[in-house]
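Report on the following structure.
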Amino acid sequence: MDEFGLSDTQLYDQQQIKTIALEIFSQTFAVTKALNGVTLMVAVIGLFSACFMLIEARKAAIARLYALGVRSRILLGMVVMQMVVLVCFTLCLALPLGALVGYVLTDMVTLRAFGWSLQFVWSWSDIAMLSLVSIVTASAATALPLWRLVKRPAMSSLQSEVL
């Protein structure tokens, strides 16, 4: 590079710069993936708590049904299915809205804020996993307090709910 008057310290290998930039970019997405996992854990804890508290609030009515002679298996199935239907309805609302927010963030906000765009990718496996985790969490949060309720004598369940 004598013709430009540059020394070796002023020259950079473009391929090496590109490799370093791609490594940093990949690490950014690794951090994003870890944050997604933490977000999913927080959502699972929130969903479990909400379902658990909803069943706790309905314990008196459920105890009355149990005292009236509804079998524990039928009662468990009925209440768990009510919660699963509620979670499925919520998923039917949340998934399209989440996809819309993702599309707006990737195709509009990123383009305007940074001047470049990302491709929005809809992952059916992630959606299936998220739905399965939601349904299993809601079922467990519903079944646990109900199982304790129906394992006690009916009179005991009613007395504890009145107090």
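The values are calculated or read from the model by the stated rules, or taken from the named source; none is laboratory data. Everything numeric in this text was worked out from a predicted model, so none of it was measured. Quick reminder, even Gly has a Cβ in these numbers, built from the backbone with ideal geometry, and neighbours come from all protein chains shown. Just the protein is used for accessible areas: all its heavy atoms, side chains included, with ligands, DNA and RNA removed. Shrake-Rupley method; radii C 1.70, N 1.55, O 1.52, S 1.80 Å.
Provide the net charge surrounding Phe52, with neighbours chosen by a C-beta distance below 15 Å and charges set as Lys +1, Arg +1, Asp -1, Glu -1.
For residues surrounding Phe52, the net value is +2.
Give me the base-10 log of I(q)/I(0) for the range 1-123 at each q in 0.12, 0.16, 0.19, 0.21 Å⁻¹, Debye formula, one uniform scatterer per Cα, rounded to two decimals.
Treating every Cα as an identical point scatterer, log10 I(q)/I(0) equals -0.76, -0.99, -1.17, -1.28.
With the full set of protein chains in place, find how many percent of the accessible area of the chain is carbon and sulfur; take the probe as 1.4 Å.
Carbon and sulfur together cover 70 percent of it.
Rank-order 79-88, 137-146 by packing density, defined as the average count of other C-beta atoms within 10 Å over each peptide's residues, highest first.
137-146, 79-88
Please give the per residue accessible area of the range 1-132, computed with a probe of 1.4 Å over protein heavy atoms only, in Å².
With the other protein chains kept in place, the range 1-132 gives 77 Å² per residue.
Could you pull out every whole DSSP H run in the chain that spans at least 20 Å of Cα extent along its own axis and averages 0.5 or higher on the Kyte-Doolittle scale?
14-57, 72-104, 124-151
Relative contact order for the chain: what percent, with Cα pairs under 8 Å and sequence separation of 6 or more?
Contact order relative to length: 37 percent.
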